[in-house]
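Input: a single structure, listed below in structure tokens.
The values are calculated or read from the model by the stated rules, or taken from the named source; none is laboratory data. Being a predicted model, the structure only gives us computed values, none of them experimental. A quick note on method: Cβ atoms are made from the backbone with ideal geometry, for glycine too, and the neighbour counts reach across all protein chains shown. Note: areas computed on protein heavy atoms with side chains; ligands, DNA, RNA excluded. Shrake-Rupley method; radii C 1.70, N 1.55, O 1.52, S 1.80 Å.
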Amino acid sequence: QVQLVESGGGLVQPGGSLRLSCAASGSIFSIYVMGWYRQAPGKQRELVADITSGGTTHYADSVKGRFTISRDNAKNTVYLQMNSLKPEDTAVYYCNYQHPGFDYWGQGTQVTVSS
């Protein structure tokens with residue numbers, strides 16, 4: 001089992017920044033992919049960004065150049081730095097951990113971008 005605890009969501013004005021954190025604990029494999037997904041009301045959950053255990057990153061086109069995913073292996077924590085936030089970034093953001101045969105989700109954290 002892997003437990004994921006997210007933090008860092010909140011209300012921010014357009015153009016502002018937030019940093020999300022996801023701390024993983026439990027039976028963590030050495031090879032994995034961790035990522036952030038989001039789901040806005042009435043929409044499907046979508047991938048925002050992910051990072052492999054080897055450090056390779058991948059971003060959705062809608063966040064390229066604005067969001068940065070990073071990780072701290074010593075803390076088993078993944079971060080999502082979100083800059084230049086837009087109202088359309090408003091969603092519940094979920095942390096995800098994947099290893100072949102395993103797929104875990106965090107409880108989600110709300111991000112609201114509004115003036």
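Structure notes:
- Evaluated with a Cβ-only charge set (Lys, Arg +1; Asp, Glu -1), the chain carries a dipole of roughly 160 debye about its Cα centre, given to the nearest 20.
- Solvent-accessible area of the range 14-115 (1.4 angstrom probe, protein heavy atoms only): carbon and sulfur portion equals 49 percent.
- Each of Thr109, Thr56 has its accessible area taken with a 1.4 Å probe; listed largest first, they run Thr56, Thr109.
- Each residue was assigned an accessible area with a 1.4 Å probe, and for Glu88 the value is about 120 Å².
- Cα gyration tensor of the chain - equivalent ellipsoid semi-axes, whole Å, descending: 23, 14, 13
- Phi-based couplings in Hz for the range 99-113 (Karplus 6.51, -1.76, 1.60; Gly and Pro marked x): 9, x, x, 9, 8, 10, 10, x, 7, x, 9, 7, 10, 10, 10
- Taking amide H atoms as placed 1.01 Å from N in the peptide plane, the amide H of Gly16 lies under 5 Å from those of Leu85, each 5 or more residues away in sequence or on another chain.
- The residues of the range 53-115 expose on average 51 square angstrom of accessible surface per residue, using a 1.4 Å probe on protein heavy atoms.
- Cα-based convex hull volume of the range 1-48 per residue, rounded to whole Å³: 118 Å³
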